[in-house]
Amino acid sequence: MGIIDGFAALFSSWQPIFFAVLGTIIGLVGGAIPGLSSGAMIALLIPVTYYMHPLAALALIYTVSKSSDFGGSIPAILFNTPGTPQASATQIEGFPLTQQGKQGKALRMAVIASAQGDLFSELLLIFGAAFLAVYAAKLGPPEFVAIYFCAFVVIGGLLGKSVLTGLLSVVLGLALALVGTDPITADDRFTFGFDHLLDGIELVPVLLGVFVLSEVFTKSETRLGTASEKAIAGTPKSAEDQRVTWADYRRVFPTLIRSTGIGAAIGMLPGVGSAVACFVSYSEAKRKSKTPETWGKGELEGIAAAEASNNATSGANLIPLLTLGIPGSTAAALLSGVMLIHGIEIGPNIFTTSYDIIYGVFAAGLVCILTYFVIGYWGSAPIGRLISKIPARVIYPLIFATCYVAVYATRQSFFDMVVMTVFGLVGYLMRRFDMSTPAFVIAFILGPGLERALRQTFLLNESGGWIFFERPVAMAFFVVGGFALIWRLFGSKSKLN
Amino acid sequence: MNELNPSLKKIGAASLVLAVLIPFAFQISEIYVDPSDPGFGAKDVPRLVVGLGFFLCIMMIWSAAKTKSNSGLNLKDGLRAFAKPFCLAVIALFYIWCVTAFQYALPTFVLLASLAWYFGSRSVRDVIIVPAVAVTLYYAIFFVLLGIYEEPGSILYYDSYGVSQLLRQAIGLQ
């Protein structure tokens, strides 16, 4: 059975299990730092993974992304400052509980809901992805062209503030992915005389520039105070205010189940992130509540809804990556970057070509859930107090310098440092112009795959473009992509009206 | 962060993409095409991407022209807001040059100290001690533990690689 082999691989040496636990702790603490996104945190760690075994590298990155989803709820509950955007719904109910002196109860409900949602999502990934991959492996280049088209339209349409800015971000990513050598003739193109660009633009400087450096550039516009505010916690009235009782758990259980389902379903869709899932679940739980008047004033059910769905996306959003090779979120895009760096083939064949590694990553995910549950249940409050003492004005210079040392570490190339600076500015401008940096990076990663699939389709078939009409699966993806585009266009038009 | 005027955002997004696509459009004609290559040739995917990009940029500019909103920063204030990040980028490029000239430790310490000052730190702890500890930590992680080679500086040269190798031997990594 795959997952047992995965555990065997994870415990085969000290490295994978050590980095899985370390990643969980880094994600938990980093996610709790307001202003430091999980994408930025993961991108910063990618250069370090160059020197690791592929399983240790993937375990580190995967566990950071998982535990940071929960980590973001700590400052949301304690300081009314969400550490990550997806913790905003938790903040609505969590902070009032802190003001009532029930911060322990709020934090513990957050960790219980997160772990439960995450566990379901991970099991769905473990048992569902391999099953779907068997079918995905039968798809040929025309189907992949259609899948890429569908993914770009959906990701561009949903991740941008408007369809146009989202699609422009995708086109920018695709254009820059063309730099390097032609995949079939091996002739150079768009290198503008730079020999360093013959292999294309390196992924690590792009990731660090767009996700991390651009964040520092954005912060440089304003002077920074402390990273977070002091908690305005009330005094606990009884021991029960600091823990989740059986009665509390029984009351929120139906919400937990429903929100986990919503989160997992939304997580499987490319481009729809956990921030959407937690607000959908929160609204749905509030709508179903018998006491909607208590919401917004410290309703435990609200925390359970937001956190369960938020974490239920984390495993599920790897399903499109592992079955179709389409990273549907920032975390999945960064994980696919690490896979590319370590020569791991992304897509349905991953379950045969990298069997031990992929099930090892799943096992790391389960270890991560257990680790952040234990640390989060007993240690969230001290972590929160520690974070509140670190001022942002100290954090950002350190992040800035770490980017340069880390990017130099990957290839010992000063050119990469310059490339990262340029992409830092590009990322900053994209943020200012409401373009989508995740859509840009996903297109940049998938661009070569699209070109290869498109040209293989035309090389292998004499009927030209008609081949797409002869393949029902390809047509289905084109139709889904087309409908998604029309739906989003009409949706934004009616919103404007 | 002050938001830009909505139409300026759209023009900015289109300009950013055009800044990449225009040089690309001129380069497409130089791509070698194998005469026996059927179907989608070497030039066709770049043409498709650049053509789609131009179309979307035109749509964006058209949409900007139709947007009627006076909210947000105008062009002058917007450019003023961009000045700080661009200065930081110039500092970053100067830092890269300094690393090639003076190796890693000294420029990184100066960069960290000046950035801490720039971001509003004034205490000795934040401006001196934290940068010194960070430089030491970077050295320990990247050069000692990961064994990365540090190139000699063109102006100031010291054998930090040799030191890191000695430390690696001392802790049993080599």
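The values are calculated or read from the model by the stated rules, or taken from the named source; none is laboratory data. Quantities reported herein were computed from a predicted structural model and do not represent experimental measurements. Please note: Cβ atoms are built from the backbone with ideal geometry, for glycine as well, and neighbour counts cover all protein chains shown.
Any residue at all in segment B:80-87 that is in a loop (DSSP other than H, G, I, E, B) and either within 7 Å of chain A (Cβ to nearest Cβ) or crowded, with 17+ Cβ neighbours inside 10 Å (or both)? Within segment B:80-87 (the criterion being in a loop (DSSP other than H, G, I, E, B) and either within 7 Å of chain A (Cβ to nearest Cβ) or crowded, with 17+ Cβ neighbours inside 10 Å (or both)), the answer is no, since none of the residues qualifies. Go through B:V135, B:V130, B:V144 for me and flag whichever is touching a helix residue (DSSP H, G or I) at 6+ places or on another chain (Cβ under 7 Å), at the interface with another protein chain (Cβ under 7 Å from one of its Cβ atoms), among the β-branched types (V, I, T) and surrounded by 14 or more Cβ atoms within 10 Å (Cβ to Cβ). It is B:V130. Give me the residue from segment B:5-22 that is polar (S, T, N, Q) and assigned to a helix (DSSP H, G or I) and, out of that set, farthest from the chain's Cα centre (by Cα). Once the filter is applied, the top-ranked residue is B:S7. Applying the set (1) part of a loop (DSSP other than H, G, I, E, B); (2) under 21 Å from A:L454 (Cα atoms) to B:P46 leaves exactly one unmet item: (1). Only a single item in (1) among the hydroxyl-bearing types (S, T, Y); (2) modelled with pLDDT under 90; (3) buried (at least 24 other Cβ atoms within 10 Å of the Cβ) is not met by A:T63, and it is number (2). For the condition β-branched (V, I, T), within 30 Å of B:L112 (Cβ to Cβ) and surrounded by fewer than 21 Cβ atoms within 10 Å (Cβ to Cβ), what is the one hit in A:V407, A:V394, A:V422? Of A:V407, A:V394, A:V422, the one residue that is β-branched (V, I, T), within 30 Å of B:L112 (Cβ to Cβ) and surrounded by fewer than 21 Cβ atoms within 10 Å (Cβ to Cβ) is A:V422. Summed over segment A:337-390, residues that are surrounded by fewer than 24 Cβ atoms within 10 Å (Cβ to Cβ), of a type in the set (S, T, N, Q) and in a helix (DSSP H, G or I) total 4.
Against the test of being closer than 22 Å to A:V276 by Cα and among the aliphatic types (A, V, I, L, M), the options A:L55, A:L119, A:L78, A:L45 yield a single qualifying residue, A:L119.
Can you confirm whether B:S71 is more than 8 Å from chain A (Cβ to nearest Cβ) and part of a loop (DSSP other than H, G, I, E, B)? For B:S71, the condition - more than 8 Å from chain A (Cβ to nearest Cβ) and part of a loop (DSSP other than H, G, I, E, B) - is met.
Just a yes or no: is a residue in segment A:403-422 without any contact (Cβ under 8 Å) to a residue 60 or more places away in the chain, of a type in the set (D, E, K, R) and more than 9 Å from chain B (Cβ to nearest Cβ)? No, the conditions are met nowhere in segment A:403-422.
Applying the condition of being within 25 Å of the chain's Cα centre (by Cα) and of a type outside the set (A, V, I, L, M, F, W, C) to segment A:389-402 and asking which residue is farthest from the other protein chains (Cβ to nearest Cβ) yields A:T402. For segment A:446-475, give me each residue that is away from chain B (no Cβ under 13 Å) and not acidic (D, E). Of everything in segment A:446-475, those that are away from chain B (no Cβ under 13 Å) and not acidic (D, E) turn out to be A:F469, A:R471, A:P472, A:V473, A:A474, A:M475.
Examine segment A:302-313 for a residue that is over 20 Å from the mean Cα position of the chain (by Cα) and more than 24 Å from A:Y372 (Cα to Cα), and state whether such a residue exists. So far as segment A:302-313 goes, no, none of its residues is over 20 Å from the mean Cα position of the chain (by Cα) and more than 24 Å from A:Y372 (Cα to Cα). Please work out if B:Y149 is part of a loop (DSSP other than H, G, I, E, B) and either exposed (fewer than 14 other Cβ atoms within 10 Å of the Cβ) or hydroxyl-bearing (S, T, Y) (or both). Against the criterion (part of a loop (DSSP other than H, G, I, E, B) and either exposed (fewer than 14 other Cβ atoms within 10 Å of the Cβ) or hydroxyl-bearing (S, T, Y) (or both)), B:Y149 qualifies. Selection within segment A:179-213: residues that are away from chain B (no Cβ under 13 Å) and of a type outside the set (A, V, I, L, M, F, W, C). The member of this set that is surrounded by the fewest Cβ atoms within 10 Å (Cβ to Cβ) is A:D195. Could you check segment A:42-57 and list, in sequence order, the residues that are buried (at least 20 other Cβ atoms within 10 Å of the Cβ) and among the hydroxyl-bearing types (S, T, Y)? Correct list: A:T49 only. The listed residues are A:I92, A:I33, and the only one of them that is out of contact with any Asp or Glu (no Cβ under 8 Å at 6 or more places or on another chain), under 24 Å from A:K219 (Cβ atoms) and of a type in the set (A, V, I, L, M) turns out to be A:I33. The residues of segment B:57-81 that are farther than 24 Å from A:L167 by Cα and free of Cβ contacts under 8 Å to residues at least 12 places away in the same chain, listed by number, are B:K76, B:L79, B:R80. Being over 21 Å from the mean Cα position of the chain (by Cα), farther than 19 Å from A:G325 by Cα, within 13 Å of chain B (Cβ to nearest Cβ) and assigned to a helix (DSSP H, G or I) is a description that applies to A:L176. Filtering segment A:151-173 down to residues that are under 17 Å from A:F444 (Cβ atoms) and facing chain B (nearest Cβ under 7 Å), which residue is surrounded by the most Cβ atoms within 10 Å (Cβ to Cβ)? Among residues in segment A:151-173 that are under 17 Å from A:F444 (Cβ atoms) and facing chain B (nearest Cβ under 7 Å), the one surrounded by the most Cβ atoms within 10 Å (Cβ to Cβ) is A:L168. Taking every residue in segment A:167-188 that is closer than 20 Å to A:C150 by Cα and pairing it with any residue that is of a type in the set (S, T, N, Q), at least 6 positions away or on another chain, the pairs with Cβ-Cβ distances below 6 Å are A:S169/A:S436. Please go through segment B:152-169 and give me each residue that is assigned to a loop (DSSP other than H, G, I, E, B) and over 26 Å from the mean Cα position of the chain (by Cα), ordered by number. Hits for segment B:152-169 are B:Y157, B:Y158, B:D159.
Quick grid of which residues meet (1) in contact (Cβ under 8 Å) with a residue 12 or more places away in the chain; (2) more than 7 Å from every other protein chain (Cβ to nearest Cβ):
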site: B:N2; (1), (2): yes, yes
site: B:K10; (1), (2): yes, yes
site: B:I22; (1), (2): no, yes
site: B:A25; (1), (2): yes, yes
site: B:I31; (1), (2): yes, no
site: B:P35; (1), (2): no, yes
site: B:F40; (1), (2): no, no
site: B:K43; (1), (2): yes, yes
site: B:L52; (1), (2): no, no
